[in-house]
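A.B. asks: Quick one: structure below, then a few questions.
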Amino acid sequence: MQRKLYPSMMCAGFNHLSDEVEQLSAAAIDGFHMDIMDGSFVPNFGMSPEDFKTVADHADKMLDVHLMIDHPERYVAMFVTLGAKRVYFHPEATPHSARIISQIKQIGAEAGIAINPGTSIASISELLPLVDQVLVMTVNPGFAGQEYLEFVTGKIKQLSRIRRDYHFEIVVDGAISPEKINELNPLGVTGFVLGTSALFGKGKSYNQIIRSLKEQQE
Ligand code: DX5
Ligand code: ZN
């Protein structure tokens, strides 16, 4: 089964962002993964709301937003207004996860939770019936170009078993290479975020890379 592919736009070239978006839109991607960082929940900063708008203005595929920020409830509405169709927030960043999920759904977006490598499935089990996606971080959030954390694969297997009772999709984010796609595909992962490990800085056209990533899954 073809899994969904989402370029991680924090890895794109920001000095020619609209060209990057148009080239990616011409490839068979399923949406744009937009990482937002506050320098507090994660020790890094990412794209600005203006960058987000630039992508939204040129994209012809859906945008998700990955809020790697403290108190994410403050900015859910803003990013949905800017064009996010799916909002991922970190339950580790708020005491009010259930309330934020309702807030996201009430304004018409899909609700996803993103979980850090060290966050247990048990700690989010009450949220699983409520969400549309679980974004499993396979690197410590905040930076592209890191190594895949092998111990997280066990969590993916656990989620995949639980998933049979609910409707959420499993999307994996961090150090996803073509080889990792082959390894994780049979485990019930439904989508992959693609950064520097599979897509950016490879010296090939995005169209070529995305096509080969789709073909390898056939
Ligand atoms: C990290 C981000 C990821 C990252 C993926 O915090 O959430 O989307 O940019 O990039 P690679 O594939 O290079 O790990
Ligand atoms: Zn991300």
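The values are calculated or read from the model by the stated rules, or taken from the named source; none is laboratory data. In this text the structure is predicted, and so the values were computed from the model without any measurement. With ideal geometry, Cβ positions are generated from the backbone for all residues, glycine too; neighbour counts draw on all protein chains shown. Just the protein is used for accessible areas: all its heavy atoms, side chains included, with ligands, DNA and RNA removed. Shrake-Rupley method; radii C 1.70, N 1.55, O 1.52, S 1.80 Å.
A.B. asks: Search the structure for amide H atoms under 5 Å from the amide H of G174, placed 1.01 Å from N in the peptide plane, and list their residues when 5 or more places away or on another chain.
C.D. replies: Answer set, sorted by chain and number: T138, V193.
A.B. asks: Sorted by mean Cβ packing within 10 Å, highest first, what order do the peptides 41-53, 181-193 take?
C.D. replies: The peptides rank, most packed first, as 181-193, 41-53.
A.B. asks: Per the Debye formula with a single identical scatterer at each Cα and no solvent contribution, what log10 I(q)/I(0) holds for region 44-123 at q = 0.12, 0.15, 0.21, 0.26 Å⁻¹?
C.D. replies: -0.34, -0.52, -0.96, -1.31
A.B. asks: Give the carbon-plus-sulfur fraction of the accessible surface of the chain in %, rounded to a whole number; probe 1.4 Å, heavy atoms of protein chains only.
C.D. replies: Roughly 51 percent, rounded to a whole number.
A.B. asks: What does the convex hull of the alpha-carbon atoms of region 138-218 project to on average, in nm²?
C.D. replies: With every direction weighted equally, the projected area is 5.7 nm².
A.B. asks: If packing is taken as the mean number of other Cβ atoms within 10 Å per residue, what is the order of 143-151, 17-25, highest first?
C.D. replies: Result, highest mean first: 17-25, 143-151.
A.B. asks: Take the Cα pairs of region 95-147, get the Kirkwood Rh, then feed it into Stokes-Einstein at 25 °C and 0.890 mPa s and tell me D in µm²/s.
C.D. replies: The calculation lands on 201 µm²/s.
A.B. asks: What list of ³J(HN,Hα) couplings, whole Hz, do you get for region 75-92 from phi and the Karplus terms 6.51, -1.76, 1.60, once you set θ to phi - 60° and write x for glycine and proline?
C.D. replies: 10, 4, 4, 4, 6, 5, 4, 6, x, 6, 9, 9, 10, 9, 10, 9, x, 5
A.B. asks: Determine the relative contact order of the chain: mean sequence separation of Cα pairs under 8 Å and six or more apart, normalised by residue count, in whole percent.
C.D. replies: 21 percent
A.B. asks: Which residue, chosen from I69, C11, S97, occupies the Cα position most advanced towards the positive end of the dipole of region 1-114, where the dipole is computed from +1 (Lys, Arg) and -1 (Asp, Glu) charges on Cβ about the Cα centre?
C.D. replies: Going by the Cα projections, it comes out as S97.
A.B. asks: Over region 20-165, average the accessible area per residue using a 1.4 Å probe and give it in Å², no decimals.
C.D. replies: Here the per-residue accessible area is 42 Å².
A.B. asks: On to the next question. Computed over the Cα atoms of the chain, what is the convex hull's projected area averaged over all directions, in nm²?
C.D. replies: Answer in nm², one decimal: 10.8.
A.B. asks: Where both residues lie in the chain, what percent of DSSP beta bridges are antiparallel, nearest 5?
C.D. replies: Roughly 5 percent of the beta bridges in the chain run antiparallel, per DSSP.
A.B. asks: Roughly how many Å is it from the Cα centre of region 22-97 to that of region 165-213, as a whole number?
C.D. replies: For region 22-97 versus region 165-213, the Cα centre distance is 18 Å.
A.B. asks: Can you pull the Rg over Rh of region 4-79, Cα-only, Kirkwood?
C.D. replies: Ratio of gyration radius to Kirkwood radius: 0.96.
A.B. asks: Next up: Would you mind working out the magnitude of the charge dipole of the chain relative to its Cα centre, with +1 at each Lys and Arg C-beta and -1 at each Asp and Glu C-beta, to the nearest 20 Debye?
C.D. replies: 520 debye
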